[in-house]
Amino acid sequence: MAETQLVLHEPFRDRAQQREADALGMWVFLGTEAMMFGGLFFALIVIRVIHPQGAQEATDKLDMWLGGLNSALLLTSSLTTTLAVTAARKGARSITTGCLLASAALGMAFLCVKGYEYYVDYGKGLMPGVGKPFPIETTGAELFINGYFVSTGLHAIHLFIGVCLVVGLAGAVWLRRVPVPGRSIVVEMAGRYWHFVDMIWIFLYPVLYLMDRGG
Amino acid sequence: MAKVIRTGDLIVFAVLIGLLALNMAQARWLDLGVVSRVVTIALAAGQALVLLWYFLELRSATLLIRLVAAAGFFWLAVLFGLGLNDWLTR
Amino acid sequence: MTSIAAEAAAEPSYLKAGYTLRSWLLTTDHKRIAVLYMISVTAFFFLGGAAAAAVRINLITPEGAILTADGYNKAFTIHGVIMVWFFLIPSIPATFGNFLIPLMIGARDLAFPRLNLASWYILMFGASFTMYALVAGGVDTGWTFYTPYSSMFSNSHVIAAIIGVFISGFSSIATGLNFIVTIHKLRAPGMTWFRLPIFVWTHYATSLILVLATPVLAISLILIAAERLLGIGVFDPALGGDPLLFQHLFWFYSHPAVYIMILPAMGVVTELVTAFSRRRIFGYSFVAFSSLAIATLGFMVWGHHMFVSGQSMYAGMVFSILSFLIAVPSAIKVYNWTATLYKGQIALDTPMLYAMGFIGLFVVGGITGLFVASLAVDVHVTDTYFVVAHFHYIMVGATVMGYLGALHYWWPKITGRMYPEWWGRISAAFVFFGFNLTFFPQFILGYLGMPRRYFTYPPEFQVLNVMSSAGASILAVAYLFPFFYLLWSLRYGKIAGPNPWGAAGLEWTTSSPPPKHNFPEIPVVTAEAYAYPVAADGGATHHG
């Protein structure tokens, strides 16, 4: 079937070479993303180091159960993404589509929980610039919370991009624009990105919600 | 559907959730003092490694891809190590 | 080799593959994209140069000749921002790297041609924000955007400038990613790692820095913007933030960025030194690995920009020691270039003059780098013209020399025409003389205590400042020479053969200018790099 064949792009000599180049390109891209979030983690850790007391009091204001629920949602979405990749490799078109949509739904659920959490934070006066005055006097607490908003915000943007990507891909697989298993590498690459966004949260959650938590 | 669900993936998923639960539990109920930061990060790192090795398929990746992943961690270690070196010795 | 060139003539050259504007602006050919980059960075270079001219004219008199204090701040800021991010960073990699890497490794194109084109548009898009900041009234923070001034106090157009730099960073990342994948995956059969020209090795090392450091710049700029717009406080001591956090993040990018500027030039010089002394590079593997060593160590020395900033003494000592270490791989390169010259058949054509100029100025810049890496000396010269002179020796003296050397050496390959050799040599001599006259007095000024970034100075510094400004005017003329004679040569230059220099390297086996797909057939490589002697093939004047 012509449509299952991989389209060979200009500079490549053969399909294996193109596959390897795509895979390497994706990993290098993830490396750049890791460095970008790395700078943010560095800032958060520095705040914890210079203001342990303020950061701890700020941590206690965050709801570790909502954050934990979100962690579980994202880990589950990683499982469905893995299933989508397996299905794509086996050429199971409808299962691939279904699993991708499940991942997207779990990602949206994460964003909804996150939005609700922001709303609760707003009620507590944690949000910078709007709402009630900040509730904690201790130096560093407000700073830490602001860092929380920047980092979770940037993560949410990445996740939202992932959701759009995965929904689009699910449609493309369903409509055979991205035929499986011929071009299962596209599903694979999208999966890499998705898992990576999950991995950022795997670190954000403990650094923001769990570390130094008091009673 | 059955043919794409592999037991291995489910075990990995269970381990990921288990480590999450462990991390939440120690943060909520255990008072480990100074080592708690290390424990928290170690458990998260454990999750990340499992994710990388299985779901991100470093397990079957080429040496080059593994090197790229390792390089990311190496350079992050440089940023954190040399950077924190300043604040921790002021 | 000539037979390959003859076959290549069957396909029209990349310049003749289409004549419409559309065929240029929507091209995915790495050679055309390189030309787009070349035109843009040349424009940025003259723009940044105009700002430098304003600075130097102002400093002719002690009370400031033409600019207000505010205007002076804006002039040196725009000079720095444009020169660093829109000229030096993309200069050699995005033009010559883009043009040559596929040719040198025997590939048809970069791995991701559309991403390559996108990277040029991203740079232009970023530049438009920075240009807006310039037109709307300028920025006065210095290219370093230090907090808390940039985040809390400056009333100039910091946000627009930052957005411009932030966006242009993605262009760097895209280019670096493309090079890494290309060098790993698209080498021709037989082109092993140790047969690669050193130019490719240095661009690989550069790409590592581009992809690993640029994202950290991106996040520090996001934090400044968030601080300025929302007052999040990360760099604001009133909220418990630390301005030094910005400096750490900024220099984690900006020190390696210096190696983004110098490593590609080192690659160029290696090609020039071997081609014009007709010898294999001395100690190939040392030169190759020293590039990677520079790229790696380059990430571990950033704190030497912060010796007097209030970071801990202990951190200062660690950064000082690591800074001394990075001199080792740099020196390895200099020794190996020199050893390559020994008993070589040296021809002093224009590119070689630039290469020699590079080595001389790089050594001065490198040695003074050791001065400022020493904690005690640095306390004396921090924020003086000594530092200004030091980094201009590296970034202008070395990198721009490398850029001009590359421009002349590969001009026949890019355009199919020779440049006028006599004019080339004259302007190379003028560049060298003008550069030294501009910047050497600044070492003395700095050592005597003249601080940088002031629009006035005590009258006793006037003689040296006038010398520096006089040198700058010579330099300006010397930079304009190539601009005009290279344009002239596009029409009237002598037609170049495939290999006018008799140089080794796959790029010289295909026609000048190369066909759209570089090689009629993917070449099979059987020999090491720099397998001299190679017969010259038309165009040049000196090789008999």
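Table for the structure above
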| item | result |
| --- | --- |
| Residue list for region B:46-60, filter: over 14 Å from the mean Cα position of the chain (by Cα) and under 22 Å from B:Leu19 (Cβ atoms) | B:Glu57, B:Arg59 |
| Count - residues of region B:58-89 that are closer than 30 Å to A:Ile185 by Cα and touching a His at 6+ places or on another chain (Cβ under 8 Å) | 1 |
| Single condition A:Leu154 does not satisfy, out of (1) surrounded by 19 or more Cβ atoms within 10 Å (Cβ to Cβ); (2) in a helix (DSSP H, G or I); (3) aliphatic (A, V, I, L, M) | (1) |
| Single residue of region C:22-78 satisfying the filter (among the charged types (D, E, K, R) and surrounded by 15 or more Cβ atoms within 10 Å (Cβ to Cβ)) that is farthest from the other protein chains (Cβ to nearest Cβ) | C:Arg56 |
| Unique residue being in a loop (DSSP other than H, G, I, E, B) and in contact (Cβ under 8 Å) with a residue 12 or more places away in the chain when the list is C:Phe439, C:Phe455 | C:Phe455 |
| Exclusive hit being in a helix (DSSP H, G or I) and modelled with pLDDT under 95, set A:Ile202, A:Ile185 | A:Ile185 |
| Some residue of region A:20-28 being free of Cβ contacts under 8 Å to residues at least 60 places away in the same chain and not in a helix (DSSP H, G or I) | no |
| Residues being more than 10 Å from chain C (Cβ to nearest Cβ) and part of a helix (DSSP H, G or I) - total across region B:43-90 | 25 |
| Every pair of residues 6+ apart whose Cβ atoms lie under 9 Å, when the first sits in region C:295-317 and is more than 8 Å from every other protein chain (Cβ to nearest Cβ) and aromatic (Phe, Trp, Tyr) while the second is outside any helix (DSSP H, G or I) and surrounded by fewer than 21 Cβ atoms within 10 Å (Cβ to Cβ) | C:Phe307/C:Thr382 |
| Residue satisfying all of: in region A:34-61; farther than 30 Å from C:Ser254 by Cα and more than 9 Å from chain C (Cβ to nearest Cβ); surrounded by the most Cβ atoms within 10 Å (Cβ to Cβ) among these | A:Ala58 |
| Test result for C:Tyr259, touching a Pro at 6+ places or on another chain (Cβ under 9 Å) and either in a helix (DSSP H, G or I) or on the phi < 0 side of the Ramachandran plot (or both) | no |
| Qualifying residue in region A:100-112 (condition: hydroxyl-bearing (Ser, Thr, Tyr), under 24 Å from the mean Cα position of the chain (by Cα) and within 11 Å of another protein chain (Cβ to nearest Cβ)) | no |
| Extreme residue, modelled with the highest pLDDT, among residues of region A:4-33 that are more than 8 Å from chain C (Cβ to nearest Cβ) and touching a Gly at 6+ places or on another chain (Cβ under 7 Å) | A:Leu6 |
| Qualifying helices (runs of 4 or more DSSP H) (wholly inside region C:324-405; at least 3 residues being more than 19 Å from the chain's Cα centre (by Cα)) | C:327-341, C:350-373, C:375-381 |
| Residue satisfying all of: in region C:215-251; under 30 Å from C:Thr95 (Cα atoms) and within 7 Å of chain A (Cβ to nearest Cβ); surrounded by the fewest Cβ atoms within 10 Å (Cβ to Cβ) among these | C:Ala218 |
| Any chance C:Ala111 is among the small types (Gly, Ala, Ser) and touching a Pro at 6+ places or on another chain (Cβ under 7 Å) | yes |
| Single residue of C:Ile159, C:Ile209 found to be more than 9 Å from chain A (Cβ to nearest Cβ) and surrounded by fewer than 23 Cβ atoms within 10 Å (Cβ to Cβ) | C:Ile159 |
| Failed item in (1) assigned to a helix (DSSP H, G or I); (2) at the interface with another protein chain (Cβ under 10 Å from one of its Cβ atoms), with C:Ser254 passing the rest | (2) |
| Residue match in region B:2-17 (condition: at pLDDT below 95, part of a helix (DSSP H, G or I), at the interface with another protein chain (Cβ under 7 Å from one of its Cβ atoms) and over 18 Å from the mean Cα position of the chain (by Cα)) | yes |
| Exclusive hit being under 30 Å from A:Ala43 (Cβ atoms) and facing another protein chain (nearest Cβ under 9 Å), set A:Thr152, A:Thr86, A:Thr139, A:Thr96 | A:Thr139 |
| Test: residue in region B:30-42 that is more than 8 Å from chain A (Cβ to nearest Cβ) and modelled with pLDDT of 95 or more | yes |
| Index of the failed condition, C:Met467 passing every other in (1) closer than 30 Å to C:Phe443 by Cβ; (2) out of contact with any Leu (no Cβ under 8 Å at 6 or more places or on another chain) | (2) |
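Residue by residue, here is whether (1) part of a helix (DSSP H, G or I); (2) within 14 Å of chain A (Cβ to nearest Cβ); (3) over 15 Å from C:Leu506 (Cβ atoms) holds:
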residue: C:Leu88; (1), (2), (3): yes, no, yes
residue: C:Ile92; (1), (2), (3): yes, no, yes
residue: C:Thr95; (1), (2), (3): yes, no, yes
residue: C:Asn98; (1), (2), (3): yes, yes, yes
residue: C:Ala111; (1), (2), (3): no, yes, yes
residue: C:Asn116; (1), (2), (3): yes, yes, yes
residue: C:Phe125; (1), (2), (3): yes, no, yes
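The values are calculated or read from the model by the stated rules, or taken from the named source; none is laboratory data. Not measured: the values here are computed from a predicted model. FYI the Cβ positions are ideal-geometry reconstructions off the backbone, even for glycines, and counts take in every protein chain you see.
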